[in-house]
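Below is one structure, written out as C-alpha coordinates; the observations come after it.
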Amino acid sequence: MKDIKVLGSGCTKCSKTAEQLQKVAKELGVEANVTKQMDPQVIMHYGVMSTPAVVINEQVVHSGSIPHKEQIQAWLSD
(Lines give C-alpha, C1' and ligand atoms only; values in the text may rest on other atoms or scores of the structure.)
Protein backbone atom coordinates (compact mmCIF):
# COMPACT_ATOMS: atom_id res chain seq x y z
CA MET A 1 0.00 0.00 0.00
CA LYS A 2 1.18 3.49 -0.87
CA ASP A 3 0.99 6.17 1.82
CA ILE A 4 0.23 9.43 0.01
CA LYS A 5 0.01 12.86 1.60
CA VAL A 6 -1.19 16.01 -0.11
CA LEU A 7 0.37 19.00 1.60
CA GLY A 8 -1.41 22.35 1.38
CA SER A 9 -3.71 24.90 2.90
CA GLY A 10 -6.91 23.12 1.90
CA CYS A 11 -7.32 25.19 -1.26
CA THR A 12 -9.14 24.02 -4.37
CA LYS A 13 -5.90 22.90 -6.04
CA CYS A 14 -5.03 20.77 -3.00
CA SER A 15 -8.46 19.13 -2.99
CA LYS A 16 -8.30 18.45 -6.74
CA THR A 17 -4.83 16.93 -6.31
CA ALA A 18 -6.12 14.54 -3.63
CA GLU A 19 -9.13 13.60 -5.76
CA GLN A 20 -6.95 12.96 -8.81
CA LEU A 21 -4.57 10.77 -6.79
CA GLN A 22 -7.45 8.67 -5.46
CA LYS A 23 -9.04 8.37 -8.91
CA VAL A 24 -5.83 7.24 -10.65
CA ALA A 25 -4.98 4.80 -7.85
CA LYS A 26 -8.43 3.24 -8.21
CA GLU A 27 -8.09 3.05 -12.01
CA LEU A 28 -4.73 1.27 -11.66
CA GLY A 29 -5.94 -1.02 -8.88
CA VAL A 30 -3.27 0.32 -6.51
CA GLU A 31 -4.02 0.37 -2.81
CA ALA A 32 -3.36 3.90 -1.60
CA ASN A 33 -4.09 5.79 1.57
CA VAL A 34 -4.48 9.44 0.50
CA THR A 35 -4.56 12.03 3.27
CA LYS A 36 -4.45 15.83 3.30
CA GLN A 37 -2.02 17.60 5.61
CA MET A 38 -2.82 21.26 6.26
CA ASP A 39 -0.63 21.85 9.32
CA PRO A 40 2.07 24.41 8.40
CA GLN A 41 4.59 22.67 10.67
CA VAL A 42 4.08 19.36 8.85
CA ILE A 43 4.46 21.10 5.48
CA MET A 44 7.67 22.82 6.64
CA HIS A 45 8.99 19.46 7.92
CA TYR A 46 9.07 18.29 4.29
CA GLY A 47 10.77 21.51 3.13
CA VAL A 48 7.93 22.36 0.76
CA MET A 49 7.72 26.00 -0.26
CA SER A 50 4.81 25.86 -2.71
CA THR A 51 1.64 23.81 -2.57
CA PRO A 52 -0.02 21.57 -3.39
CA ALA A 53 2.74 19.08 -2.78
CA VAL A 54 2.61 15.30 -3.00
CA VAL A 55 4.50 13.00 -0.64
CA ILE A 56 4.56 9.27 -1.41
CA ASN A 57 5.96 6.94 1.24
CA GLU A 58 7.64 9.92 2.95
CA GLN A 59 9.34 11.21 -0.23
CA VAL A 60 8.31 14.53 -1.80
CA VAL A 61 7.64 13.78 -5.48
CA HIS A 62 5.90 16.99 -6.59
CA SER A 63 5.10 20.53 -5.51
CA GLY A 64 3.64 23.76 -6.80
CA SER A 65 0.82 22.57 -9.06
CA ILE A 66 -1.79 19.92 -9.71
CA PRO A 67 0.15 16.95 -11.12
CA HIS A 68 -0.76 15.55 -14.53
CA LYS A 69 -2.44 12.16 -14.72
CA GLU A 70 0.61 10.68 -16.47
CA GLN A 71 2.86 11.78 -13.60
CA ILE A 72 0.56 10.16 -11.05
CA GLN A 73 0.45 6.94 -13.07
CA ALA A 74 4.26 6.83 -13.12
CA TRP A 75 4.51 7.38 -9.35
CA LEU A 76 1.95 4.70 -8.58
CA SER A 77 3.48 2.11 -10.90
CA ASP A 78 6.86 2.18 -9.14
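The values are calculated or read from the model by the stated rules, or taken from the named source; none is laboratory data. What you see is a predicted model; the values in this text were computed from it and never measured. Counting neighbours? That spans all protein chains shown, and the Cβs are built from the backbone with ideal geometry, glycine included. Surface accessibility is based on the protein's heavy atoms, side chains included, excluding ligands, DNA and RNA. Shrake-Rupley method; radii C 1.70, N 1.55, O 1.52, S 1.80 Å.
Report the net charge of residues surrounding residue 28, where surrounding means a beta-carbon distance below 14 angstrom and charges are Lys +1, Arg +1, Asp -1, Glu -1.
Values: positive: 2, 23, 26, 69; negative: 27, 31, 70, 78.
Cβ neighbours under 14 Å give a net charge of 0.
Please compute, over every Cα-Cα pair in the chain, the percentage with a separation greater than 16 angstrom.
Values: 1203 of 3003 pairs.
Everything past 16 Å amounts to 40 percent.
In percent, rounded to a whole number, the relative contact order of the chain is 40, using alpha-carbon pairs under 8 Å and six or more apart.
In whole percent, and with a 1.4 Å probe on the protein chains, what portion of the accessible area of the chain is carbon and sulfur? Intermediate results must be reported in sequence, preceding the final value.
Working: 2270 of 4670 Å².
After summing per-atom areas, the C and S share lands at 49 percent.
Compared with the dominant Cα axis of the chain, that is its longest principal axis, helix 12-28 is turned about 20°.
For segment 2-76, the per residue solvent-accessible surface stands at 57 Å², with DNA, RNA and ligands left out and a 1.4 Å probe.
A simple spin-label model places the labels of residue 74 and residue 58 2.5 nm from each other, with each point 7 Å out along Cα-to-Cβ.
Under the convention that each Lys and Arg Cβ holds +1 and each Asp and Glu Cβ holds -1, the size of the dipole of the chain around its Cα centre is about 240 debye.
Between the listed residues 61, 20, 42, the Cα displaced farthest toward the positive end of the dipole of the chain, a dipole computed from Cβ unit charges relative to the Cα centre, is found at 20.
Among DSSP bridges having both ends in the chain, what percentage is antiparallel? Round to the nearest 5. Mind dumping the intermediate values first?
Numbers: 8 of 14 bridges.
In the chain, approximately 55 percent of DSSP beta bridges are antiparallel ones.
Residues whose amide H comes within less than 5 Å of that of residue 62, counting only those at least five positions distant or on another chain, are 54 (H built at 1.01 Å from N in the peptide plane).
Each helix, a run of at least 4 DSSP H residues, gives -39500 (n - 2.57); summed and divided by the residues of the chain, these come to -12500 deg cm²/dmol at 222 nm.
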